[in-house]
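The values are calculated or read from the model by the stated rules, or taken from the named source; none is laboratory data. As the structure is a prediction and not an experimental result, all values here were calculated from the model. Here the Cβ positions follow ideal geometry from the backbone for every residue, glycine too, while neighbour counts run over all protein chains shown.
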Amino acid sequence: MSKNFDLVVIGAGPGGYIAAIRAAQLGLSVACIDAWKTKDGKPAPGGTCTNVGCIPSKALLQSSEHFEHAGHHFAEHGISTGKLSIDIGKMLERKNQVVKQNNEGILYLFKKNKVTFFNGLASFSKAVEGGFEVAVEGDKPETLVGKQVIIATGSNARALPNLPFDEQVVLSNDGALDITSAPKSLAIIGSGVIGLELGSVWRRLGSEVTILEGLPTFLPAADEAVAKEAKKAFDKQGLKIELGAKVGEVKTAKNSVTIHYTNAKGEEQTLKADKLIVSIGRTANTNGLKPEAVGVQLDERGAVVVDGDCRTSVPGIWAVGDVVRGPMLAHKAEEEGVAVAERIVGQHGHVNFGTVPYVIYTSPEIAWVGRTEQQLKADGVKYKAGSFPFLANGRARALGDTTGLVKVIADAATDEILGVHIVGPQASELISEAVVAMEFKASSEDIARICHAHPTLSEVTKEAALAVDKRALNF
Ligand code: FAD
Ligand code: NAI
């Protein structure tokens, strides 16, 4: 006997669980299926983000930042700690507890919103009269029929060819978030978001970290001024980043790894480390889903093909989040999930890709929204830009963290804000003002004239907006 729903959502990561809740709020009967289980076999909804992504990485960034502050910054406040030590087991336990609270929070929200949750692996069986049959394989096998289906099956870490993750020596994000003692030496391939965030965690905890990056440019997606400032800060911290590295053979042993690579000058190099994190991007995940059973089309990289509104090639089946085109970010997945639920009931769900914020939670944090100076130049757009350093901000001085700057870029003719780029303390929070401003099509003049509380870091954004017209007040 099948169980029938208006909507079946496959995947309970940020794309899927948010879509399920929004659809239930809109009056649909909703099932959400997710395969993730804890090590002891309990359902663990929340996807990559909750289990092995956003949440645990931020928990470890927080713990390691406390350790770094205690070791290097407390003394200037007159605080002495004696000999400092860290219990990494306890740090991991705390991280796991934070994850568990989030898993349980989602189960609570499903109950509250009357979303029926199934823990198991979903696969398409066939199209049936008025919908699609989906099989759930798990402790309790089920057959569900959804009038509509949302695929939100996320992504997996990409491995190097011939170097599978063993999660002991060669680590994906899963293993990198569960190292039980700081390795003496840690190699990382890829200086993208994961490489920088997790590289920072283990450097702060005492590992000698070397990141090998294939591209000759550091963080090419970020504004050049921001990338340059961030690189300077990472160099100073001792996070070694080698650009233009061509990785060749990688040999693994029980407790070490040897990486042969050619550096930017074309010289053959060897790097030996206790562990290796491979963070070279992620690939869309449709493992076990059998999209071909209902004719859902995938592209050459395995992502589900969708139009601008997240419709797949099969009417009635939608796809959101990491499994489709666009940035692999939790908040992008959530926005798509809400928009699709609203479209299903005939509303006009909307996602503005031009105002999706990007954040890297290192120290200094890096955040931006909109276009960079190099993109505007390439597009032939005439713009004006203003920057302001945290060094000239009273709150940053009081915090003891004056690294970085805010840069505001506005259209030369209309003054509409085209991009805001931040490297510095709490950039992840500061960027929200810029997102709101851009959503409302604000000008730099608007931000410059808005009263910002003193003393706050947000005054740096105001001053950068003033600097667009060369009238910063405190610099
Ligand atoms: P996922 O979160 O991957 O969820 C997909 C779910 O579907 C999973 O639970 C999976 O088990 C389930 N599933 C898959 N196939 C099936 C099936 N056939 N049947 C049943 N269930 C299935 N993004 C940010 O915005 N901010 C961050 O700070 C951030 N930090 C990150 C840190 C790391 C280390 C990593 C790896 C990623 C990070 N991300 C971050 C990216 C973010 O995790 C993803 O963009 C986000 O999780 C995508 O959401 P999703 O719902 O599309 O997929
Ligand atoms: P990434 O795309 O951010 O970075 C991958 C890096 O690896 C790039 O710089 C690329 O040039 C490099 N690279 C690729 N192949 C290589 C090779 N063979 N040798 C050397 N370098 C190579 O991918 P990452 O860090 O794996 O993260 C995956 C995704 O997860 C990100 O794109 C992001 O969307 C998401 N994420 C988001 C976070 C956030 O929002 N704060 C945090 C962590 C992950």
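Here are some notes:
- Among the residues listed as 329, 298, the single one being touching a Pro at 6+ places or on another chain (Cβ under 7 Å) and either within 8 Å of ligand 1 (Cβ to nearest atom) or closer than 26 Å to residue 128 by Cβ (or both): 298
- Single match in 159, 122 (criterion: within 20 Å of residue 199 (Cα to Cα) and touching a strand residue (DSSP E or B) at 6+ places or on another chain (Cβ under 8 Å)): 159
- Residue match in the stretch 36-46 (condition: in a helix (DSSP H, G or I) and of a type in the set (Val, Ile, Thr)): no
- Residue match in the stretch 122-142 (condition: more than 30 Å from residue 28 (Cα to Cα) and in the same structural domain as residue 293 (by TED's automatic domain parsing)): no
- Options 246, 251: the member that is within 14 Å of ligand 2 (Cβ to nearest atom), within 19 Å of residue 161 (Cβ to Cβ) and over 20 Å from the mean Cα position of the chain (by Cα): 246
- The lone exception for residue 76 - which of (1) buried (at least 23 other Cβ atoms within 10 Å of the Cβ); (2) more than 23 Å from the chain's Cα centre (by Cα); (3) not polar (S, T, N, Q) it fails: (1)
- Verdict on residue 224 being without any contact (Cβ under 8 Å) to a residue 24 or more places away in the chain and charged (D, E, K, R): no
Here is a yes/no grid of residues against (1) closer than 30 Å to residue 419 by Cα; (2) in contact with a Gly (Cβ under 8 Å, 6 or more places away or on another chain); (3) of a type in the set (Gly, Ala, Ser):
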| site | (1), (2), (3) |
| --- | --- |
| 164 | no, no, no |
| 211 | yes, yes, no |
| 214 | yes, yes, yes |
| 239 | yes, yes, no |
| 247 | no, yes, no |
| 252 | no, no, no |
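- Scanning the stretch 255-284 for residues that are among the charged types (D, E, K, R) and touching a residue at least 40 places away in the same chain (Cβ under 8 Å) yields 272, 274, 275, 282.
- Test for residue 71: is it more than 28 Å from residue 322 (Cβ to Cβ), assigned to a loop (DSSP other than H, G, I, E, B) and away from ligand 2 (no atom under 16 Å from the Cβ): no
- Evaluation of residue 439 against the conditions (1) touching a helix residue (DSSP H, G or I) at 6+ places or on another chain (Cβ under 9 Å); (2) farther than 26 Å from residue 333 by Cα; (3) at pLDDT 95 or above shows that the sole unmet condition is (2).
- Condition met for residue 300 (in the same structural domain as residue 149 (by TED's automatic domain parsing) and either surrounded by 15 or more Cβ atoms within 10 Å (Cβ to Cβ) or assigned to a helix (DSSP H, G or I) (or both)): no
- Total residues in the stretch 155-191, condition in a loop (DSSP other than H, G, I, E, B), in contact with a helix residue (DSSP H, G or I) (Cβ under 6 Å, 6 or more places away or on another chain) and within 16 Å of ligand 1 (Cβ to nearest atom): 2
- Residues that are out of contact with any helix residue (DSSP H, G or I) (no Cβ under 8 Å at 6 or more places or on another chain), within 11 Å of ligand 2 (Cβ to nearest atom) and either without any contact (Cβ under 8 Å) to a residue 60 or more places away in the chain or over 26 Å from residue 357 (Cα atoms) (or both), drawn from the stretch 192-213: 212
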